[in-house]
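Data first, discussion second: the structure below is written as structure tokens.
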Amino acid sequence: MAENNNTNNIYNYDNIKYRIEFIQKFYYAKYLMEDIRITFKKNVSINLDNLSLEGKDGEITSIPRWLAKILEANGNVEIQDIDVLVYISRSLNRERISKPHDLSGIDIDFYIRVNDYIKRLKESEKESILVSLNSFITSRIEKIVKLAAASSLTTDLERKLSAEEIELYNFIHNSSYSFKQLAMNKLG
């Protein structure tokens, strides 16, 4: 019996891991398709298939993030994504000052945005934000575990969670429910 439960636990873990990875890929693709402001660092003229882009040195425009990343990697543009640090800081502060039993709201793709921002930082700039994020995530996990063990996910609470956190919440809720059922059957 113990081996069967262990196999189920491995299956459940692999399943939740797969689901979260799929969700992250989905939201990352959606994120890459959003328009972002860029500044041309030199004159650019692109005409490939149905894609055409022209810009002069110093011009500012908006283009899809995926294209901006390619052009930035080649030194053609500078991405104007300075508001991301403010966005992250506000989210971290809202969570820090929230009540011990209440989750502050974050966007469904919060971790996608944060990870993309961190990847673009220099190593020396990463440490302080990673420390803050670790504290943020730990606080949210503690709250999610308490809430998920007590009740199923409500619409109001779902609006406050990222896509990954929704999966975690449901996994914990279902596991807690199963545990309660098993424990009560053993006692009864």
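The values are calculated or read from the model by the stated rules, or taken from the named source; none is laboratory data. Everything numeric in this text was worked out from a predicted model, so none of it was measured. Note: ideal-geometry Cβ built from the backbone for every residue, glycine included; neighbour counts use all protein chains shown. The area values use the complete protein model at the heavy-atom level, side chains included, leaving out ligands, DNA and RNA. Shrake-Rupley method; radii C 1.70, N 1.55, O 1.52, S 1.80 Å.
Points to keep in mind about this one:
- Pairs with Cβ under 6 Å, 6+ apart, first in the stretch 15-32 and within 17 Å of D107 (Cβ to Cβ), second in a helix (DSSP H, G or I) and open to solvent by less than 40 Å² (accessible area, probe 1.4 Å): I20/E164; I20/E167; I23/A163; Y27/I112; Y27/A163; Y28/I112; Y31/I112; L32/R65
- Complete set of residues in the stretch 93-112 that are crowded, with 19+ Cβ neighbours inside 10 Å and either hydrophobic (A, V, I, L, M, F, W, C) or in contact (Cβ under 8 Å) with a residue 60 or more places away in the chain (or both): L103, I106, D109, F110, Y111, I112
- K122 among the basic types (K, R), out of contact with any helix residue (DSSP H, G or I) (no Cβ under 8 Å at 6 or more places or on another chain) and either open to solvent by 30 Å² or more (accessible area, probe 1.4 Å) or modelled with pLDDT of 95 or more (or both): yes
- Residue ID - most open to solvent (accessible area, probe 1.4 Å), chosen from residues in the stretch 148-169 that are over 17 Å from I16 (Cβ atoms) and touching a residue at least 40 places away in the same chain (Cβ under 8 Å): R159
- Qualifying strands (runs of 3 or more DSSP E) (wholly inside the stretch 29-78; at least 1 residues being of a type outside the set (V, I, T) and open to solvent by 100 Å² or more (accessible area, probe 1.4 Å)): 35-40, 44-48, 51-55
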